[in-house]
Amino acid sequence: MPSSQVGSEEAVASVVSREFGLRGTIRRLESEVDETFRIEDAAGIPFLVKLARAGEAEDAVSFQTGLLLQVQLAAPDLPVPRLRPAASGAHYLMPRAGPLQGRSIRVISFLPGQPLRAVHSSRGLREQVGRNLAVLGRALRGYDHPTAHRQLVWDIQRVAGLRPMADAVDPPDRRKILLGQIDRFENSTAPVLSRLRAQVVHNDFNSDNILVGPDGVSISGIVDFGDAIYTPLVNDVAVMAAYQLSDDSDPIATAIDAIAGYHAVTQLSADELALLPRLIIARMVARVIVPEWRAKQSPANRRYLLRDTARAWTALNRLLAIPDELIGQRITQSCPPGARNARSGQH
């Protein structure tokens with residue numbers, strides 16, 4: 001981020017003190033999109049301050065703010081960040097003057113825990129991952145916002161839109177594999193997917209966005225709603241499953257644990273379960289194409305952008321070596337289909 005767009009700790013502390021009544025030591029944290037700062041109140045309770053990028057539309061902040069308020073109301077025990085309102089009662093502010101002019105500022109609760117990526121995985125933990133995502137999905141049912149319908153490269157239902165970006169992938173034989181999967185998705189998966197129930201979902205339930213408590217099996221935090229989108233509900237399950245694939249010769253077994261946890265809370269229909277193998281593959285295709293394309297656009301950040309691409313390629317190849325029907329049978333054995341209308345949104 002150019003220095004002219006970086007908010008100083010002093011400027012952020014000034015606004016937070018004046019508008020949110022928080023005074024204390026503030027320090028910048030590493031972050032990819034929003035600038036993030038940590039501050040503690042007089043009682044030592046930590047909070048995070050989120051400063052939007054210069055030029056970011058207010059609609060994006062409004063969408064995420066409304067989403068968090070909806071979850072807080074519908075599922076008060078779910079460990080998502082809580083918004084601290086300003087003295088005015090507003091849940092975010094956009095200064096009209098000064099060094100932070102036009103940039104939204106939010107203060108949210110700090111959630112404790114270790115990222116899922118950093119803890120030992122177990123079947124019980126993976127099932128809890130699925131259960132928590134299902135509870136989150138139920139809490140978001142009925143919530144909507146214009147920004148939820150934006151174009152997003154990480155929206156599985158729009159994977160066909162990644163076709164031009166695949167030109168960034170080398171060598172050509174890899175590109176051919178990816179384009180073949182996109183063609184398959186467009187021809188056989190998309191028509192069925194478009195008929196299934198849809199709603200706003202998290203859409204990025206990966207191992208960095210899930211925090212685990214000290215007992216190693218409870219979820220203590222769900223963070224980063226920046227990719228939330230209105231899309232078929234089953235896509236949210238596929239995204240979660242894509243990040244629960246194991247590194248061994250049977251990549252799907254661990255993912256099924258998470259899917260079963262989800263299914264125990266929100267039953268998936270036969271159509272949704274049948275599409276999961278193709279949807280997981282579609283997410284893996286995106287996990288290869290999007291970073292490769294971004295690395296071509298920002299070669300200075302290539303190493304960071306491609307940090308997980310090799311692993312994604314390996315997982316994709318292992319999945320493609322297993323017939324869809326076999327993966328589908330294994331999922332259905334662990335998750336008997338629900339006997340209700342998936343399009344109607346009944347759970």
| note | Those residues of region 138-156 that are open to solvent by 60 Å² or more (accessible area, probe 1.4 Å) and either touching a residue at least 12 places away in the same chain (Cβ under 8 Å) or more than 30 Å from SER62 (Cβ to Cβ) (or both) come to a total of 7
| query | Somewhere in region 61-72, is a residue farther than 24 Å from GLN114 by Cα, open to solvent by 30 Å² or more (accessible area, probe 1.4 Å), of a type in the set (Ser, Thr, Tyr) and in a loop (DSSP other than H, G, I, E, B)? | reply | no
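Looking at region 75-104 only, could you name the residues that are among the hydrophobic types (A, V, I, L, M, F, W, C), modelled with pLDDT of 95 or more and in a loop (DSSP other than H, G, I, E, B)? So that I can check it myself, show each step before the final result.
Our first condition is that a residue be among the hydrophobic types (A, V, I, L, M, F, W, C); within region 75-104, this holds for 75, 78, 80, 83, 86-87, 90, 93-94, 97, 100.
Checking which are modelled with pLDDT of 95 or more leaves us with 75, 78, 80, 83, 86-87, 90, 93.
Answer for region 75-104, where residues must be among the hydrophobic types (A, V, I, L, M, F, W, C), modelled with pLDDT of 95 or more and in a loop (DSSP other than H, G, I, E, B): ALA75, LEU78, VAL80, ALA86, ALA87, ALA90.
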| task | May I ask you to list pairs of residues, at least six apart or on different chains, whose Cβ atoms are under 6 Å apart, with the first in region 186-214 being within 15 Å of SER121 (Cα to Cα) and free of Cβ contacts under 8 Å to residues at least 12 places away in the same chain and the second being of a type in the set (Lys, Arg) and part of a helix (DSSP H, G or I)? | result | none
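Is at least one residue of region 41-59 part of a helix (DSSP H, G or I) and either at pLDDT below 95 or farther than 29 Å from ARG131 by Cα (or both)? Even if it seems obvious, please write down each step before you answer.
Of all residues in region 41-59, those part of a helix (DSSP H, G or I) come to 58-59.
Now restrict to residues that are either at pLDDT below 95 or farther than 29 Å from ARG131 by Cα (or both): 58-59.
There is at least one residue in region 41-59 that is part of a helix (DSSP H, G or I) and either at pLDDT below 95 or farther than 29 Å from ARG131 by Cα (or both).
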| query | Which residues, counting only those in region 10-57, are open to solvent by 80 Å² or more (accessible area, probe 1.4 Å) and within 20 Å of the chain's Cα centre (by Cα)? | reply | GLU30, GLU32, ARG53
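Run down VAL159, VAL169 and say which single residue is touching a residue at least 60 places away in the same chain (Cβ under 8 Å), open to solvent by less than 10 Å² (accessible area, probe 1.4 Å), more than 28 Å from LEU136 (Cβ to Cβ) and touching a Phe, Trp or Tyr at 6+ places or on another chain (Cβ under 9 Å). Step through it out loud before you land on a result.
On the way: VAL159 fails: more than 28 Å from LEU136 (Cβ to Cβ).
Only one candidate qualifies: VAL169.
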| note | SER249 fails exactly one of (1) touching a Lys or Arg at 6+ places or on another chain (Cβ under 9 Å); (2) at pLDDT 95 or above, namely (2)
| field | One residue from LEU319, LEU326, LEU279, LEU268 being buried (at least 24 other Cβ atoms within 10 Å of the Cβ) and part of a helix (DSSP H, G or I) | value | LEU279
| request: May I ask you to list the residues in region 79-98 that are among the aliphatic types (A, V, I, L, M) and crowded, with 16+ Cβ neighbours inside 10 Å? | output: VAL80, LEU83, ALA86, LEU93
| request: Quick one: CYS335 ticks every box in (1) modelled with pLDDT under 95; (2) in contact with a His (Cβ under 7 Å, 6 or more places away or on another chain) except a single one, so which number is it? | output: (1)
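Scan region 1-9 and tell me whether some residue there is at pLDDT 95 or above and either closer than 26 Å to HIS149 by Cβ or surrounded by 14 or more Cβ atoms within 10 Å (Cβ to Cβ) (or both). Can you show your working first?
Keep residues of region 1-9 that are at pLDDT 95 or above, which gives none.
No - not one qualifying residue is present in region 1-9.
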| In region 112-165, what count of residues is obtained for those that are among the acidic types (Asp, Glu) and more than 16 Å from the chain's Cα centre (by Cα)? | 2
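Where in region 180-239 are there strands (runs of 3 or more DSSP E), lying wholly inside it, with at least 1 residues that are within 27 Å of GLU325 (Cα to Cα) and open to solvent by 20 Å² or more (accessible area, probe 1.4 Å)?
Working: elements: 198-201, 210-212, 219-222, 229-232.
Passing ranges, in order: 198-201.
Only one residue in VAL135, VAL129 is touching a residue at least 24 places away in the same chain (Cβ under 8 Å), open to solvent by 30 Å² or more (accessible area, probe 1.4 Å) and of a type in the set (Val, Ile, Thr), so which one is that? Let's see the steps before the verdict.
Values: VAL129 fails: open to solvent by 30 Å² or more (accessible area, probe 1.4 Å).
Every option except VAL135 fails the conditions.
Could you go through region 312-328 and let me know if any residue there is of a type in the set (D, E, K, R) and within 19 Å of the chain's Cα centre (by Cα).
Within region 312-328, the subset of a type in the set (D, E, K, R) is 318, 324-325.
Narrowing the set further to residues that are within 19 Å of the chain's Cα centre (by Cα) leaves none.
Checking region 312-328: not a single residue is of a type in the set (D, E, K, R) and within 19 Å of the chain's Cα centre (by Cα).
The values are calculated or read from the model by the stated rules, or taken from the named source; none is laboratory data. These numbers come from a predicted model, not from an experiment. So basically every Cβ, Gly included, is an ideal-geometry build from the backbone, and we count neighbours across all protein chains shown. The accessibility values were calculated without ligands, DNA or RNA, using every heavy atom of the protein model including side chains. Shrake-Rupley method; radii C 1.70, N 1.55, O 1.52, S 1.80 Å.
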